[in-house]
Amino acid sequence: MEAPPFASSTKTLSFRSSSPSSLLFLRKNSLNFRPSINFCVRASSAGDSVVTLLDYGAGNVRSVRNAIRHLGFDVKDVQTPEDILNANRLVFPGVGAFAAAMDVLNKNGMAEALCSYIEKDRPFLGICLGLQLLFESSEEKGPVKGLGLIPGVVGRFDSSNGFRVPHIGWNALHIRKDSLILDDVGSNHVYFVHSYRAMPSDENKEWVSSTCNYGDNFIASVRRGNVHAVQFHPEKSGDVGLSILRRFLYPKAQLTKKPTERKALKLAKRVIACLDVRTNDKGDLVVTKGDQYDVREHTKENEVRELGKPVELARQYYKDGADEVSFLNITGFRDFPLGDLPMLQVLRYTSENVFVPLTVGGGIRDFTDANGRKYSSLEVASEYFRCGADKISIGSDAVYAAEEYLRTGVKSGNSSLEQISRVYGNQAVVVSIDPHRVYLKNPEDVGFKTIRVTNPGPNGEEFAWYQCTVSGGREGRPIGAYELAKAVEELGAGEILLNCIDCDGQKKGFDIDLIKLISDAVSIPVIASSGAGSAEHFSEVFRKTNASAALAAGIFHRKEVPIQSVKEHLLNEGIEVRI
């Protein structure tokens, strides 16, 4: 994962000085939180129960911590080079940019300690960037020298061959040799999110334990003795990922190898569960669902539509096989998000038991609180990352940034989109687009990209453009979805969540015309959203468009279409999915 610099992501925010007792009262009462039961057996002795974690504080390392603790271990953070040399087992979760990471490692003496630790064949697990840094150099903002333990250069994926960059999603491994920690992977998918990779060669073949195909066969994992490193994220790869961590942490345990159920072949299409979260009229956080963005019941009381509690639903969707869980705080654009402690706690509690990627959105922008204290969008995003988010979804603020960029032709570097992608990498930034269809009789009537629609408009119109909106769909803007998508890709977005106000809650299927338009226009992954009403709608959008993932909310919340039914249908249709 690529992103500088680490220091800016570790700043402590002033609201944390609030009274701990008052915050605890707020958290418990707002979430009705019940601590989860940990069925893991603690390691046998105090010395054996500690995992040393090399954490720079950029991005979501909470999930690695939670996974380690879930498996019965405590975490000790590296503070000095001696902490590395004295570790019984060391985990290096890779977050940030190659150059910035090497700069920090070299300046504080940890690079030498890390090399010494690994060269002595001590138990080591590198994750993502933690693998890449073992190589000689990287082309990311480079060339930049690495630790030089493995021959090879880390380079960027080639998007000219039609493969979308970043490489985001669940892909298959091709095991090259006995790797010990991969014994349970078999032919299952694991979760990747990166733009740079190392390639296998004659010089490094003794290290390579598995490869993955994404345009080319790149190195997915390495092993030499007790030293392991993986390009994917085991802490986000569900039960399979937990088994990888378990085998690293318990190398001498007699663990039964799980039988292979089905052969994973390539990058899977993702099925994502979305939870629209807001406060109800009593002030409690609930999951709701809109009908063309209207979340209130059409009754005399006009109450907020409630479909469950966010933490409980997220846990259930993880068990049901959701490939990702997305939280959208749909009142976040009105309020100060860092003051929304219950929403931050939703992330914290969810990340303790949900080991697939978590996305959160709603109100990510610069703020000034009631005391006049200014907070940048980067500070807001940083707190969400620290609380367990893997990706940040930006909506309205991305529209304003795109408008400014298209008007001036200049990247200011000051928008929330640019700030966050610069520090955390574009793979951590999702732009949520909320357009509605505007029908036209003549495509020349507007200066935006128009298409010939499959179904004519109410007055027989054969053409339409898609006008983008802000503030939860309530305000139209003078920019089309096509123009917005192209602009935000250039500004640093790594993924697009493509909604459609016209289809929202209608259960008549995704807007194929819109999704095809946008997924053909950009080289980053596109998530189809709005309108799913059946399993067949998922196969339709994957067959007819280049969408990388499809998202649904209401049909999952109401149990009208279970996630597993969607995946079984896709599998029967010959579409690669994670089972």
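One table, with the values for the structure above:
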read-out: Positions within the stretch 106-125 being open to solvent by less than 20 Å² (accessible area, probe 1.4 Å) and in contact (Cβ under 8 Å) with a residue 40 or more places away in the chain, in sequence order; value: 110, 114, 118, 124, 125
read-out: Selection count where residues are over 15 Å from residue 266 (Cα atoms), part of a loop (DSSP other than H, G, I, E, B) and out of contact with any Lys or Arg (no Cβ under 8 Å at 6 or more places or on another chain), scope the stretch 184-197; value: 0
read-out: Which numbered condition residue 253 misses (of (1) of a type in the set (A, V, I, L, M); (2) touching a helix residue (DSSP H, G or I) at 6+ places or on another chain (Cβ under 7 Å); (3) open to solvent by 10 Å² or more (accessible area, probe 1.4 Å)); value: (2)
read-out: Of residues in the stretch 350-393 being part of a strand (DSSP E or B) and basic (Lys, Arg), the one least open to solvent (accessible area, probe 1.4 Å); value: 391
read-out: Leading residue by the ranking (farthest from residue 327 (Cα to Cα)) among those in the stretch 562-574 that are aliphatic (A, V, I, L, M) and open to solvent by less than 20 Å² (accessible area, probe 1.4 Å); value: 570
read-out: Given (1) out of contact with any helix residue (DSSP H, G or I) (no Cβ under 7 Å at 6 or more places or on another chain); (2) more than 28 Å from residue 168 (Cα to Cα), index of the condition residue 450 fails; value: (1)
read-out: In the stretch 406-447, the residues that are β-branched (Val, Ile, Thr) and either in a loop (DSSP other than H, G, I, E, B) or crowded, with 22+ Cβ neighbours inside 10 Å (or both); value: 410, 420, 423, 429, 430, 431, 433, 446
read-out: Answer residue from the stretch 486-513, given it is more than 16 Å from residue 540 (Cα to Cα) and free of Cβ contacts under 8 Å to residues at least 60 places away in the same chain and is surrounded by the fewest Cβ atoms within 10 Å (Cβ to Cβ) among those; value: 486
read-out: Test result for residue 319, in a loop (DSSP other than H, G, I, E, B), surrounded by fewer than 20 Cβ atoms within 10 Å (Cβ to Cβ) and at pLDDT 60 or above; value: no
read-out: Filter result for the condition that a residue is more than 30 Å from residue 567 (Cβ to Cβ), of a type in the set (A, V, I, L, M) and modelled with pLDDT of 95 or more, over 406, 338, 358; value: 406
read-out: Options 424, 384, 405, 439; residue that is in contact with a strand residue (DSSP E or B) (Cβ under 6 Å, 6 or more places away or on another chain), touching a residue at least 12 places away in the same chain (Cβ under 8 Å) and either within 26 Å of residue 97 (Cβ to Cβ) or of a type in the set (Lys, Arg) (or both); value: 384
read-out: Condition met for residue 196 (touching a Phe, Trp or Tyr at 6+ places or on another chain (Cβ under 8 Å), within 23 Å of residue 579 (Cβ to Cβ) and open to solvent by 10 Å² or more (accessible area, probe 1.4 Å)); value: no
read-out: Selection within the stretch 507-536 - part of a loop (DSSP other than H, G, I, E, B) and within 23 Å of residue 214 (Cβ to Cβ); value: 522, 523, 524, 525
read-out: Members of the stretch 451-485 found to be part of a strand (DSSP E or B) and either modelled with pLDDT under 95 or open to solvent by 60 Å² or more (accessible area, probe 1.4 Å) (or both), listed by number; value: 452, 470, 475, 478
read-out: Answer from 227, 190, 208 - the residue that is closer than 24 Å to residue 391 by Cβ and either crowded, with 22+ Cβ neighbours inside 10 Å or at pLDDT 95 or above (or both); value: 190
read-out: Lone qualifier among 121, 178 - being at pLDDT below 95 and over 23 Å from residue 96 (Cβ atoms); value: 178
read-out: Any hit, the stretch 525-540, residues being of a type in the set (Val, Ile, Thr) and surrounded by fewer than 23 Cβ atoms within 10 Å (Cβ to Cβ); value: no
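Here's the yes/no breakdown for (1) in a loop (DSSP other than H, G, I, E, B); (2) more than 30 Å from residue 239 (Cβ to Cβ); (3) open to solvent by 30 Å² or more (accessible area, probe 1.4 Å):
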residue	(1), (2), (3)
137	no, yes, no
147	yes, yes, no
152	no, yes, no
163	yes, no, yes
182	yes, no, no
203	yes, yes, yes
219	no, no, no
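For every residue, the table says whether it meets (1) at pLDDT below 95; (2) among the acidic types (Asp, Glu); (3) surrounded by 15 or more Cβ atoms within 10 Å (Cβ to Cβ); (4) not in a loop (DSSP other than H, G, I, E, B).
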{"position": "44", "(1), (2), (3), (4)": "yes, no, no, no"}
{"position": "59", "(1), (2), (3), (4)": "yes, no, yes, no"}
{"position": "67", "(1), (2), (3), (4)": "no, no, yes, yes"}
{"position": "83", "(1), (2), (3), (4)": "no, yes, yes, yes"}
{"position": "96", "(1), (2), (3), (4)": "yes, no, yes, no"}
{"position": "99", "(1), (2), (3), (4)": "yes, no, yes, yes"}
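The values are calculated or read from the model by the stated rules, or taken from the named source; none is laboratory data. Because the structure is a prediction, the values reported are computed rather than measured. FYI the Cβ positions are ideal-geometry reconstructions off the backbone, even for glycines, and counts take in every protein chain you see. Surface accessibility is based on the protein's heavy atoms, side chains included, excluding ligands, DNA and RNA. Shrake-Rupley method; radii C 1.70, N 1.55, O 1.52, S 1.80 Å.
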